[in-house]
Structure formats: structure tokens, C-alpha cells
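The values are calculated or read from the model by the stated rules, or taken from the named source; none is laboratory data. The shown structure was predicted, so the numbers you read here are calculated from the model rather than taken from an experiment. Every residue, glycine among them, receives a Cβ derived from its backbone with ideal geometry; neighbour counts consider all protein chains shown.
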Amino acid sequence: MPEFQLSQLAQHWVNMVLIWVGFGALAGLLARVLIPSSRPVPTLVLGIAGSMLGLLALSLFFDPAKLNPISPLGLLSATAAAFGLLMLYRLFLALFPDA
């Protein structure tokens, strides 16, 4: 069977996506500690989205070339954004309980 190989650029992006998913799950779990929830799936999805938004916000203030997403500052911003998204989600559930 032939071996499957990706180009160097494709391998870089696959690695980055896996790091973002893992990092987002960690940020979502940290945000969930701050805001307990009985629904695990939205927490992880909002954690991944929060990590993307938090790190995007960081890249607006700092040089993106020098920004390392896997850093204490990156974890703090990702968790803060996930926390904000979880708060919006809880507010949505409070306003629309049948959703």
C-alpha cells in the first residue's frame, strides 16, 4: 500500500487545526469550570470558537508573527472569549428556554 504524505504546507495546517481543537477544548473546559453547565457539547464547541476569537483579538493588538497561541496569554484570552461565549449561550437559554 502506498504511503500517504502531505505537502509541508498541508502538514503544517493539519497540525495547527489539531492544536486549535485541543487548545479550544482546554479553554472550553476552563470556562466551564467558571460557568458550570450540564451540556458538554456546546461547552467544547464554544471553547473552540472562543479560542479562535480570543486569539484573533490578541493578533489585533500584538504582532501576529510573534504571537504564540500556546502561551499563558493565549490561554487567558481563549478562556476569556470562551467564558464570554458561554455567558451569551446561557443568556440565550434563559431568554428562550424551549430552544
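The set of residues from region 57-68 being modelled with pLDDT under 80 and assigned to a helix (DSSP H, G or I) comprises just one member, Ser59.
Reported count of residues in region 1-55, each being modelled with pLDDT of 80 or more, touching a Gly at 6+ places or on another chain (Cβ under 9 Å) and either farther than 23 Å from Phe83 by Cβ or of a type in the set (Phe, Trp, Tyr) (or both), is 0. Of the residues making up region 14-61, those that are among the aromatic types (Phe, Trp, Tyr) and crowded, with 17+ Cβ neighbours inside 10 Å are Trp20, Phe23.
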